[in-house]
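The values are calculated or read from the model by the stated rules, or taken from the named source; none is laboratory data. No experiment lies behind these values; they were computed from the predicted model shown. Counting neighbours? That spans all protein chains shown, and the Cβs are built from the backbone with ideal geometry, glycine included. Surface areas here come from the heavy atoms of the whole protein model, side chains and all, with no ligands, DNA or RNA. Shrake-Rupley method; radii C 1.70, N 1.55, O 1.52, S 1.80 Å.
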Amino acid sequence: MLQTAEKAQSFQHILIADDHPMFRDVLADTMRRAYPNANIYSADSFADAMSIAIKHPEIDLFILDLLFPGMNAEVSISQIRKDFPHASIVIITMWEDRTIANRMIDAGADGFLGKGLSAQEMLSSLEHIRAGDFVVNIASNEKNSSNLMLQESIILTPRQIDILKLLQKQMQNKSIARVLGLSPHTVRNHVVVLMRILGVSKRKLIVGRALEMGLIEPIDDAPEN
């Protein structure tokens, strides 16, 4: 059921998967008002969500609870990302934890949003995601927390560390993909996430910023593979 169509300019087919009927219905109503021309599908389990997705491969927005029947967060998100590479995948959850958020983005999600957000905040985050941004918007001591940059501490996943170390060796995305057994597209997504986490605007600045923050140790320059 691989998705092959390009991502639409606006969300047209939205799947909401959450086992809390009231929240699911409120969210569906919010989506209908925000995207009046969109088709809205609802599911109360991961199995039901995937059954709907198989029937509607044109789905361009998945809104998923983090913990609900049949959902194995990282594995499930990775599978959806593989089968629907052009869709936006957004987690909306009560578990507003930056480490968890980081892991979900690493697995393939485009956004990680707290259930405590107002409708306006949530829709604003979705619009940023639709524009191609990776967004984390959860409860924080900082206002307007809508990206992956932490002011005081950075927690990277093992996969992000692997990619960071290979970037340090001046390797390009295709070479990194071969070493780690990933697709170049997946590596590119990881690099984009790392740029956002570290607060840099260019790929070539990632390693320098990581060294400044003590996330990696200096090594001798290594030739590109």
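Among the listed residues ILE54, ILE59, identify the single one that is open to solvent by 50 Å² or more (accessible area, probe 1.4 Å) and farther than 15 Å from LEU27 by Cα.
On the way: ILE59 fails: open to solvent by 50 Å² or more (accessible area, probe 1.4 Å).
Exactly one of ILE54, ILE59 is open to solvent by 50 Å² or more (accessible area, probe 1.4 Å) and farther than 15 Å from LEU27 by Cα, namely ILE54.
When residues in region 30-49 are screened for being under 18 Å from GLY116 (Cβ atoms) and among the acidic types (Asp, Glu), 0 of them pass. Here ALA43 fits the description: open to solvent by less than 30 Å² (accessible area, probe 1.4 Å) and over 20 Å from the mean Cα position of the chain (by Cα). When ILE91 is tested against the conditions (1) surrounded by fewer than 22 Cβ atoms within 10 Å (Cβ to Cβ); (2) under 13 Å from the mean Cα position of the chain (by Cα), the lone failure is (1). Being surrounded by 20 or more Cβ atoms within 10 Å (Cβ to Cβ), assigned to a helix (DSSP H, G or I) and of a type outside the set (Ser, Thr, Tyr) holds for only one residue in LEU27, LEU15, and it is LEU27.
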